[in-house]
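Engineer: Can you keep this structure in mind? I'll have questions shortly.
The values are calculated or read from the model by the stated rules, or taken from the named source; none is laboratory data. These numbers come from a predicted model, not from an experiment. Reconstructed Cβ throughout: ideal geometry from the backbone, glycine too, with neighbour counts over all protein chains shown.
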Amino acid sequence: MLAFILRRLGQSAFLLIAMAVLVFVSIFAIGDPIEVLLPADADQNEREAAIRHLGLDQPLWMQFAHFVWNLLHGDLGKSFVFGSDSLSLILGRLPATLELALVALILAALIGIPLGLIAGLKSQTWIGRLIMTTSIVGFSLPNFWFGIVMILVFAVQLQWLPSGGRGPTDTLFGIEFSLLNPQGWVNLIMPAATLAIYKVSLVIRLAYAGTREALLQDYVRFARAKGLSSSRIIGVHILKNILIPIVTVLGLELGSMIAFAVVTESVFAWPGMGKLLIDSIARLDRPVIVAYLMLVVTLFALINLCVDILYSVLDPRVRLSEGQS
Amino acid sequence: MSVLLDVQNLSTHFFTRAGRVPAVNDVSFSIGAGQVLGLVGESGSGKTVTGLSIMGIVDPPGRIVSGSIKLDGQELVGLDEAHWRKIRGNRIAMIFQDPMMTLNPVLRIETQMIETIKAHEAISDDAARQRCREALGNVGIPSPEERLSAYPHQFSGGMRQRVVIAIAMLLRPSLIIADEPTTALDVTIQAQIIAQVQKLAAETGTAIVWVTHDLAVVSGLSDRLAVMYAGRIIEEGATEQVLNFPRHPYTRGLLDSLPINNQRGQPLNQIPGATPSLLALPKGCAFAPRCALRQEDCEQGSIVETFHKEGRRWTCLHPVQDRAR
């Protein structure tokens, strides 16, 4: 188990380096951040001072070497634009996004799994068909559209919920959380629901397919032949088997929700990391972009590690071993 | 000898899009306490569905359309789910064909055993566990205490089928329906499992319906033999008589096709043609198109009447006259 985790972390480190090289080279190729950063009337001296200050006068490989050296000392560089430490800039926005993604994930699981189970168990009835048809809507319509419609209905027409912003937060361990504040919940519910809609549909379809497959298995038949109640058969025998693919997909989805909740965050003016990334790309603010992507890679690696560990909990046939990757 | 299970005119049909499939049609038989009935037929002859009907676990679109199943005089057909559930696993147990598929892969053996007892009795975990341990010991599983906490994939096929048998015997049922329990096993393991079931059934006075396509398996095991073809029992009688003096040409064909009844170096005997589709059964005798003894009157009328003589019955107008080879 420990060897497995260490090995996985080693692979992740390799991934991080590859990512850093890629981002460094590609942003260098896009253009010169100095053009974006300096006002149009800046003179030659100011230009050169700025270039030297940001370290852009050095060749790319030197810049990269500097970056790696600083990285090993726990420093991901300063933002070209804000002048502040890029990692703390991102981490300052992280709780808002993390909260949004986690609530969306929990919504997806709590709504998607039961609905998918019902649809799978009652696939021949109108309720099963209704759930599956509705899930196609959740799949095919774009996220921002849901967001805008929700704002129109709940914020503009009914005026039940605020149209955007994070609202009040409470502080725990020096980090601000909306979830600790009742008013924060009110602000969180619409963006989280918007982000969750696609995932709910996804989980419904996974749970549905899993349930239909499980129902045909002999172990379900045998469970019935043992005289078990249907709640025991569904809640233990079927559920535990269908959770395996759902956990995998939800893990991946959690990563992508944290990293790329950009659209939802824009629609609801949610002060998360997604907005920061888009702005930084527009300004070619390399340290922030690199730090952001490094963080995302780390997050993905950690989530996948957790998924693999959860796997071995759910499925006894999976044993974590060194040979596995 | 008292009659334990009395099945009269049982019909189980499947209502599919293509039409009504009479998987079990007008089937009648009875078993005395402690008796073994061999239910023989090829794939699709309705023997498994007969077993599932007795358990009350026929999946939709199938259902029992008419007939009567009496266990110790109690009518089971029409029983509500809650009452039928109390009988399943408790008074009638079922063993399935493929031990690789029968046990739930993600649950420990003890979980799958204890839940069976708890579905029928109010009992403490410790007491239930104690009984499970004894049950595993009784079916010849070494160090049952350790094996209780193992998962199904940690057992070989033969051992898994022993576990399944142990589960089936847990509540000392008066009847076990064994649906080809040895088909998926090696020949040597087959013999062990058969011996095990025979021993246990004799010790506890449990009656068995042994469903199989393999005449060789049941010949040494069963008291009586019922042969099914296209959803009907076409011949029934004491095992010895049916094997030595088959009346129905289909039974005769089955016996002739056994390798032991064939000459070395000669092609194996087979019954020409294939089982008819249950959706489009021929008029008269369903076996007539494949029958060497067919005469004109075989293909007239809706069904062929059943003849009874000296404790035997057959559904054939022109039965076989000579003895089997």
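Yes/no matrix, rows are residues, columns are (1) surrounded by fewer than 17 Cβ atoms within 10 Å (Cβ to Cβ); (2) in contact with a His (Cβ under 6 Å, 6 or more places away or on another chain); (3) not in a helix (DSSP H, G or I):
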residue	(1), (2), (3)
A:E253	no, no, no
A:A269	yes, no, yes
A:K275	no, no, no
A:P287	no, no, no
A:T298	yes, no, no
A:A301	no, no, no
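Engineer: Of everything in the stretch B:56-93, what is touching a Lys or Arg at 6+ places or on another chain (Cβ under 8 Å), within 13 Å of another protein chain (Cβ to nearest Cβ) and either touching a residue at least 60 places away in the same chain (Cβ under 8 Å) or hydroxyl-bearing (S, T, Y) (or both)? Give them in sequence order.
Structural biologist: Selection gives B:G89, B:A93.
Engineer: Further question: Just checking, how many residues over the stretch B:94-142 are within 13 Å of chain A (Cβ to nearest Cβ), in contact with an Asp or Glu (Cβ under 9 Å, 6 or more places away or on another chain) and of a type in the set (K, R)?
Structural biologist: Of the residues in that region, 1 qualify.
Engineer: Also, quick follow-up: If you scan the stretch B:1-48, which residues turn out to be within 18 Å of B:I87 (Cα to Cα) and buried (at least 20 other Cβ atoms within 10 Å of the Cβ)?
Structural biologist: B:L4, B:L5, B:V7, B:I31 - these are the residues of the stretch B:1-48 that are within 18 Å of B:I87 (Cα to Cα) and buried (at least 20 other Cβ atoms within 10 Å of the Cβ).
Engineer: What residue, of B:G231, B:G301, is within 26 Å of B:F15 (Cα to Cα) and modelled with pLDDT under 80? Walk me through it before giving the result.
Structural biologist: Values: B:G231 fails: modelled with pLDDT under 80.
The match here is B:G301.
Engineer: Return yes when B:D179 is of a type in the set (D, E), surrounded by 23 or more Cβ atoms within 10 Å (Cβ to Cβ) and at pLDDT 85 or above and no when it is not. Lay out the reasoning, then the answer.
Structural biologist: Numbers: of a type in the set (D, E): yes; surrounded by 23 or more Cβ atoms within 10 Å (Cβ to Cβ): yes; at pLDDT 85 or above: yes.
Answer is yes for this residue.
Engineer: Related question: Assess whether A:L115 counts as being in contact (Cβ under 8 Å) with a residue 40 or more places away in the chain, closer than 30 Å to A:A291 by Cβ and either surrounded by 13 or more Cβ atoms within 10 Å (Cβ to Cβ) or of a type in the set (D, E, K, R) (or both). Spell out how you get there, then give the answer.
Structural biologist: Working: in contact (Cβ under 8 Å) with a residue 40 or more places away in the chain: yes; closer than 30 Å to A:A291 by Cβ: no; either surrounded by 13 or more Cβ atoms within 10 Å (Cβ to Cβ) or of a type in the set (D, E, K, R) (or both): yes.
So A:L115 does not fit the description; no.
Engineer: From the list B:L268, B:L185, exactly one residue is of a type outside the set (V, I, T) and crowded, with 19+ Cβ neighbours inside 10 Å. Which is it?
Structural biologist: The unique qualifying residue is B:L185.
Engineer: Need at least 3 residues that are under 18 Å from A:W270 (Cα atoms) and of a type in the set (A, V, I, L, M) per element, so show me which helices (runs of 4 or more DSSP H) inside the stretch A:65-175 make the cut, counting only ones lying wholly within it. Outline the logic, then answer.
Structural biologist: Working: elements: A:86-121, A:126-140, A:143-150.
Passing ranges, in order: A:86-121, A:143-150.
Engineer: Which of the numbered conditions does A:L206 fail, given that it passes all the others? Conditions: (1) more than 10 Å from every other protein chain (Cβ to nearest Cβ); (2) not in a helix (DSSP H, G or I).
Structural biologist: The number of the failed condition is (2).
Engineer: Out of all the residues in the stretch B:291-325, which are in contact with a helix residue (DSSP H, G or I) (Cβ under 8 Å, 6 or more places away or on another chain), outside any loop (DSSP other than H, G, I, E, B) and among the basic types (K, R)?
Structural biologist: The answer is B:R312, and nothing else.
Engineer: Which of (1) at positive phi; (2) out of contact with any Ser or Thr (no Cβ under 9 Å at 6 or more places or on another chain) is the odd one out, the single condition B:P144 does not satisfy?
Structural biologist: B:P144 satisfies every listed condition except (1).
Engineer: Of the residues in the stretch B:11-27, how many are at pLDDT 90 or above and of a type in the set (S, T, N, Q)?
Structural biologist: Counting residues in the stretch B:11-27 that are at pLDDT 90 or above and of a type in the set (S, T, N, Q) gives 2.
Engineer: Okay, moving on. Could you check, for the stretch A:124-144, whether at least one of its residues is aromatic (F, W, Y), closer than 30 Å to A:V23 by Cβ and in contact (Cβ under 8 Å) with a residue 12 or more places away in the chain? Full working, then the answer.
Structural biologist: Taking the stretch A:124-144 as the starting set, the residues that turn out to be aromatic (F, W, Y) are A:126, A:139, A:144.
Narrowing further to those that are closer than 30 Å to A:V23 by Cβ: A:144.
Those still in the list that are in contact (Cβ under 8 Å) with a residue 12 or more places away in the chain too: A:144.
There is at least one residue in the stretch A:124-144 that is aromatic (F, W, Y), closer than 30 Å to A:V23 by Cβ and in contact (Cβ under 8 Å) with a residue 12 or more places away in the chain.
Engineer: What number of residues within the stretch B:122-157 are acidic (D, E) and within 22 Å of B:A201 (Cβ to Cβ)?
Structural biologist: Within the stretch B:122-157, residues that are acidic (D, E) and within 22 Å of B:A201 (Cβ to Cβ) number 1.
Engineer: Out of the stretch A:225-261, which residues are within 16 Å of A:A196 (Cβ to Cβ) and either within 14 Å of chain B (Cβ to nearest Cβ) or of a type in the set (V, I, T) (or both)?
Structural biologist: If the condition is that a residue be within 16 Å of A:A196 (Cβ to Cβ) and either within 14 Å of chain B (Cβ to nearest Cβ) or of a type in the set (V, I, T) (or both), then A:I246, A:V249, A:I258 are the ones that fit.
Engineer: Does B:A23 fit the bill of being closer than 22 Å to A:Q124 by Cβ, touching a residue at least 24 places away in the same chain (Cβ under 8 Å) and away from chain A (no Cβ under 13 Å)?
Structural biologist: Working: closer than 22 Å to A:Q124 by Cβ: yes; touching a residue at least 24 places away in the same chain (Cβ under 8 Å): yes; away from chain A (no Cβ under 13 Å): yes.
Yes; evaluated as a whole, the condition is true for this residue.
Engineer: Just checking, which of B:V21, B:V27 is in contact with a His (Cβ under 7 Å, 6 or more places away or on another chain) and either more than 28 Å from B:E203 (Cα to Cα) or among the small types (G, A, S) (or both)?
Structural biologist: Numbers: B:V27 fails: in contact with a His (Cβ under 7 Å, 6 or more places away or on another chain).
Result: B:V21 is the single residue among B:V21, B:V27 that is in contact with a His (Cβ under 7 Å, 6 or more places away or on another chain) and either more than 28 Å from B:E203 (Cα to Cα) or among the small types (G, A, S) (or both).
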